[in-house]
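In what follows, a single structure is set out as structure tokens and then discussed.
The values are calculated or read from the model by the stated rules, or taken from the named source; none is laboratory data. All of these numbers come straight from a predicted model, not from anything done at the bench. Cβ placement follows ideal geometry from the backbone for every residue including glycine, while neighbour counts extend to all protein chains displayed.
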Amino acid sequence: MEYQLPPIGTLTTSLAAMSAGVAPATIRDWVRRGLLTRCGGTPKRPLYRVTDVETARNAAKPTRNNQRTVKAA
């Protein structure tokens, strides 16, 4: 069951996908690639900050010839 109303400033996976104009699978892929981090929720119902979703949406996307690399902290 989805949250009826997530906390202010956060989005569920499906709401984040609608906000960014992508599929929910893309949101999960951004998390896997380290472009987006969860800010709460549960393992099956994560929450994301609105600003983090916008940052991930505007991040440079990889190409086949020049794949983006994630820098280690």
For residues that are buried (at least 16 other Cβ atoms within 10 Å of the Cβ) and without any contact (Cβ under 8 Å) to a residue 12 or more places away in the chain, tally how many sit in segment 1-25. 2
Any chance segment 55-67 includes a residue that's modelled with pLDDT under 95, outside any strand (DSSP E or B) and either of a type in the set (D, E) or surrounded by 15 or more Cβ atoms within 10 Å (Cβ to Cβ) (or both)? yes
For segment 1-50, how many residues are within 13 Å of the chain's Cα centre (by Cα) and at positive phi? 3
Single residue of segment 39-49 satisfying the filter (in a strand (DSSP E or B) and of a type outside the set (A, V, I, L, M, F, W, C)) that is surrounded by the fewest Cβ atoms within 10 Å (Cβ to Cβ): G40
Output the residue which, of all residues in segment 15-38 that are within 13 Å of K61 (Cα to Cα) and part of a helix (DSSP H, G or I), is modelled with the lowest pLDDT. R33
Residues D52, D29: which one is surrounded by 12 or more Cβ atoms within 10 Å (Cβ to Cβ), over 15 Å from L5 (Cα atoms) and without any contact (Cβ under 8 Å) to a residue 12 or more places away in the chain? D29
